[in-house]
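Below you'll find the structure, written out as structure tokens, and then a few comments.
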Amino acid sequence: MNDPGKCLLKRVIRRIPANMLKTTLSHWGRVSDAQLQSVDFTTSKWALTEKLLNICEENELTVKHVTELEMIHVIDYPNLGMWYAFQLFDPDDAAPSVDMTQFKEQFKFHLSKLMRNVSVKIKKHTDEAIWIRVAWGDGFSRPNHMKPTYVVHHLQSSYVFVTRLTSKLKPLLSQALVLSTRYQGIKDANLSGRNLAALRNLLMRQYQQVFSTKFSTPLAEKSENISNPQIEREQAESATKRHQMACEAFGDGVLPQLQSAVYKLETKFRDHNNKTMTDREEPFKCIVKFTSTNLLESLRHCASSGIASTPVTPLLSSVPVKGRNYFVITDNVPGSSSQTNRPQK
Amino acid sequence: MDRATTSAASTPHRSALVKRRSKSKSHRQSYRSCSGGAASRIGLTPALTARRLNTSRKAPKSLNITERVNAEHLALLVKTKWKLCYATPLYQFRHTMLKSYARQLSAFIVAEKQRGLAVEVEGAQNHFRASFSVLQGLAEADDPETILIQIHSKPLFSSSEEPQRCVWSGWLSCINGNLDYLHSLPQGFTCLPLFGSSGTEVLTTLVKSWCQKTFDCSFGPLEINYTSLQWFMALLTNCHTESNIQHLKMIWSIPVEPPLQVAFTVSPQDAWELWSSVRTATRDLADPGGCIDFEEVERFTQGLKSHFYRHFRLDLSAGSLKEVSTALGGASINGRVKISNSRYMITTLALLTECALLKMPI
């Protein structure tokens with residue numbers, strides 16, 4: 001095995017958690033059972049790597065084989081980097097009939113036409129997702145396997161998730177995707193996060209949603225010795241109402257894990273206490289970034305606890321409704337109070 | 001590198017009761033309780049009751065202190081992020097004895113480092129060398145001169161030719177300290193309430209405990225409260241016409257489950273225009289550079305908060321302001337500050353000195 005292969009193997013072994021190593025290796029299928037038996041998985045990672053390097057030499061494995069191992073690991077642990085969502089638009093008539101084999105051939109064909117030295121590996125995962133690993137080179141250098149781009153796409157859906165893509169290579173990947181899926185174009189979906197499954201669930205509406213209803217759930221009696229039943233009831237009622245509205249805006253139960261939402265505000269400053277600024281023509285430019293370990297749950301708690309007023313402003317509820325977490329907000333028409341969300345580009 | 005020798009013998013001893021005309025503005029009269037929690041402390045003596053955060057302060061003059069302060073010292077102050085503490089007045093501290101303090105502190109550190117070792121390590125003395133120097137040019141009026149403490153060391157396994165590197169720096173300062181308070185101190189005490197440090201926590205603790213033993217003082221964490229952070233924001237924004245603030249960034253933390261953080265960044269020109277709009281209403285024409293009132297500062301934050309509320313219907317007052325920053329400097333609630341521009345060093349340190357005096361237990 002050559003040096004890039006060794007480097008890659010070392011890195012992959014280092015990244016796979018020790019308790020998962022044996023399972024992942026047997027899943028890989030490039031190492032025989034007898035060889036696996038001979039490896040002592042209780043030794044240090046360093047010793048393990050040496051041993052595995054020897055086995056790979058023995059089996060005459062190449063970089064290509066090691067990239068398979070990396071793919072297995074990335075599919076098992078997808079939440080290690082930042083994922084960006086893209087949306088395909090205007091499908092051709094042929095788009096719904098594109099199948100796996102066709103897509104695979106087309107994608108490889110188009111990408112290699114666009115770029116000479118590029119190494120593509122495509123794998124179908126159990127949940128019908130297509131995982132693509134692209135190692136980029138350029139006209140003169142071989143593909144760099146240490147900095148691959150990963151792409152996840154569900155056939156017949158219009159969403160594509162990408163991680164570790166540089167802006168320079170974005171047009172190439174976009175073009176290859178558009179051609180091989182038979183769509184007219186692809187655009188930034190303005191959604192990003194560390195949790196791939198969360199992005200997918202958010203865009204495909206796979207979380208517990210609550211719909212506005214006239215008859216909200218009956219109120220459960222809470223405490224026995226109520227000092228003033230009237231006040232208690234009134235407070236409980238408004239609390240329930242707030243909770244209901246919070247759930248309507250963001251959903252119920254466990255929500256998809258988003259880490260942040262960014263708003264670029266370019267709106268007029270309006271404050272009845274400040275005439276000078278209100279009279280000013282230019283917009284007040286600022287950027288607001290919300291961060292949390294689970295943004296939607298935080299926002300729901302804001303609304304249900306009363307920190308954020310209910311009904312929830314469309315700006316915040318747009319995150320789950322539109323499946324986006326990047327917004328540019330400008331005034332709709334000069335003088336009117338409504339705002340519109342304009343896409344990034 | 002040997003800064004231990006630069007102790008300025010000429011520094012007058014400021015600790016004693018100095019009979020001096022009070023500054024033009026009597027602090028006691030102008031002090032009012034402001035919204036900060038710490039403001040409503042009750043003092044024991046009339047002089048101590050004056051220890052409230054100023055509700056009005058001079059607009060930061062852009063002071064060119066580059067000529068007054070040693071360039072090397074200034075570079076250190078500007079490039080470093082400092083962790084702040086308050087320090088109670090030092091007893092029997094002399095600006096003339098810095099050389100001897102340096103020797104004592106070096107010995108103290110070496111002794112503490114060797115504790116638990118059975119054998120005396122050869123040449124361990126050379127591993128840590130403390131130096132004390134006077135940071136001249138910062139002090140105003142009756143303030144005692146700022147003291148800079150640095151600890152130089154060599155990595156454990158380095159060759160003997162390698163020069164020692166500065167591994168820890170810290171300073172004790174008092175800028176524009178409340179005169180009534182400074183004058184009320186009994187004989188023998190020097191008030192240097194602001195202690196900034198940068199380096200390993202271990203060395204910070206050692207320096208603090210040496211000071212505690214030597215000068216009978218005590219240290220405590222200096223939180224920069226909401227009121228002071230608002231002051232920071234306003235004072236820095238006020239500088240925008242002279243040097244670009246690049247951005248005004250506030251970080252708020254909202255107490256929900258899981259905790260929500262809001263970073264609110266305003267473009268420099270808009271921040272400045274909002275600031276001048278809340279100022280012009282009360283600007284005293286007789287005093288152009290003038291004083292800034294806390295009411296103006298509050299109107300400024302209120303304006304920013306209401307702009308935020310108008311969009312998100314989320315009340316930032318429910319959370320707490322954790323951090324403010326601009327290109328000129330920044331401060332966070334846990335007592336970390338960075339002053340990136342030397343021109344506003346004095347103003348910033350004056351505000352922090354006030355915070356430290358307030359934090360000090362009575």
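The values are calculated or read from the model by the stated rules, or taken from the named source; none is laboratory data. Everything quoted here is computed from the prediction, not taken from an experiment. As a convention, Cβ positions derive from the backbone with ideal geometry for all residues, glycine included, and neighbour counts pool all protein chains shown. Side chains included, ligands, DNA and RNA excluded: accessible areas come from the protein's heavy atoms. Shrake-Rupley method; radii C 1.70, N 1.55, O 1.52, S 1.80 Å.
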Note on the stretch B:303-317: residues surrounded by fewer than 20 Cβ atoms within 10 Å (Cβ to Cβ), within 8 Å of chain A (Cβ to nearest Cβ) and in a helix (DSSP H, G or I) are B:Ser306, B:Arg310, B:His311
The lone condition B:Ser160 fails out of (1) in contact (Cβ under 8 Å) with a residue 12 or more places away in the chain; (2) out of contact with any strand residue (DSSP E or B) (no Cβ under 6 Å at 6 or more places or on another chain); (3) assigned to a loop (DSSP other than H, G, I, E, B) is (1)
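Only one of these is open to solvent by 20 Å² or more (accessible area, probe 1.4 Å) and over 19 Å from the mean Cα position of the chain (by Cα): A:Ser158, A:Ser141. Name it.
A:Ser141
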Screening A:Thr43, A:Thr67, A:Thr24 for residues that are of a type in the set (Val, Ile, Thr) and part of a loop (DSSP other than H, G, I, E, B) leaves only A:Thr43
inquiry  = With the structure loaded, tell me whether B:Glu201 is free of Cβ contacts under 8 Å to residues at least 60 places away in the same chain, among the charged types (D, E, K, R) and open to solvent by 10 Å² or more (accessible area, probe 1.4 Å) or whether it fails that test.
reply    = yes
Residue count, the stretch B:177-195, condition modelled with pLDDT of 90 or more and within 21 Å of B:Gly137 (Cβ to Cβ), comes to 6
Are any of the residues in the stretch A:168-181 within 24 Å of A:Gln259 (Cα to Cα), surrounded by 15 or more Cβ atoms within 10 Å (Cβ to Cβ), out of contact with any helix residue (DSSP H, G or I) (no Cβ under 9 Å at 6 or more places or on another chain) and free of Cβ contacts under 8 Å to residues at least 60 places away in the same chain? yes
Within the stretch A:278-295, the count of residues that are more than 7 Å from chain B (Cβ to nearest Cβ), under 23 Å from B:Ala263 (Cα atoms) and either of a type in the set (Phe, Trp, Tyr) or open to solvent by 40 Å² or more (accessible area, probe 1.4 Å) (or both) comes to 2
Requested in this report: Please verify whether the stretch B:79-99 includes one or more residues that are part of a helix (DSSP H, G or I), at pLDDT below 90 and closer than 27 Å to B:Lys338 by Cβ.
Outcome: yes
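Matching residues to (1) of a type in the set (A, V, I, L, M); (2) over 21 Å from A:Val120 (Cα atoms):
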| residue | (1), (2) |
| --- | --- |
| A:Asn19 | no, yes |
| A:Leu25 | yes, yes |
| A:Gln35 | no, yes |
| A:Thr43 | no, yes |
| A:Glu50 | no, yes |
| A:Val63 | yes, no |
| A:Met71 | yes, no |
Quick one: would you say A:Val312 is facing chain B (nearest Cβ under 8 Å) and without any contact (Cβ under 8 Å) to a residue 60 or more places away in the chain? no
Whether any residue in the stretch B:318-341 is at pLDDT 90 or above, on the phi < 0 side of the Ramachandran plot, in contact with a strand residue (DSSP E or B) (Cβ under 8 Å, 6 or more places away or on another chain) and at the interface with another protein chain (Cβ under 10 Å from one of its Cβ atoms) is what I want to check. yes
Within the stretch A:257-266, restricting to residues that are more than 7 Å from chain B (Cβ to nearest Cβ) and open to solvent by less than 10 Å² (accessible area, probe 1.4 Å), the one that is farthest from A:Gly323 (Cα to Cα) is A:Tyr263
- Query: Do we have any residue at all in the stretch B:109-127 that's at pLDDT 85 or above, open to solvent by 50 Å² or more (accessible area, probe 1.4 Å) and in contact with a Leu (Cβ under 9 Å, 6 or more places away or on another chain)?
  - Reply: yes
request  = Output yes when any residue across the stretch A:78-93 is touching a residue at least 12 places away in the same chain (Cβ under 8 Å) and closer than 18 Å to A:Pro143 by Cβ, and no when none is.
outcome  = no
Counting only residues in the stretch B:235-267 that are among the hydrophobic types (A, V, I, L, M, F, W, C), touching a Lys or Arg at 6+ places or on another chain (Cβ under 9 Å) and closer than 26 Å to B:Lys359 by Cα, the one farthest from the other protein chains (Cβ to nearest Cβ) is identified as B:Leu235
(1) part of a helix (DSSP H, G or I); (2) among the hydrophobic types (A, V, I, L, M, F, W, C); (3) open to solvent by 20 Å² or more (accessible area, probe 1.4 Å); (4) at pLDDT 60 or above all hold for B:Leu74 apart from (3)
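When only residues in the stretch B:222-236 that are touching a strand residue (DSSP E or B) at 6+ places or on another chain (Cβ under 6 Å) and not in a loop (DSSP other than H, G, I, E, B) count, which is farthest from B:Ser320 (Cα to Cα)?
Within the stretch B:222-236, the match that is farthest from B:Ser320 (Cα to Cα) is B:Leu236.
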Cβ pairs under 6 Å, 6+ apart or interchain, first in the stretch A:37-54 and among the aromatic types (Phe, Trp, Tyr), second open to solvent by 80 Å² or more (accessible area, probe 1.4 Å), ordered by first then second residue, are A:Phe41/A:Lys22
Inset, instruction - Evaluate the stretch B:268-283: report whether one residue or more is more than 9 Å from chain A (Cβ to nearest Cβ), more than 27 Å from the chain's Cα centre (by Cα) and at pLDDT below 95. - result: yes
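Of A:Leu53, A:Leu25, which residue is modelled with pLDDT of 90 or more, at negative phi and buried (at least 18 other Cβ atoms within 10 Å of the Cβ)? Steps first, please.
Values: A:Leu53 fails: buried (at least 18 other Cβ atoms within 10 Å of the Cβ).
The unique qualifying residue is A:Leu25.
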request  = Report yes if some residue within the stretch A:75-93 is surrounded by 15 or more Cβ atoms within 10 Å (Cβ to Cβ) and assigned to a helix (DSSP H, G or I); otherwise report no.
outcome  = yes
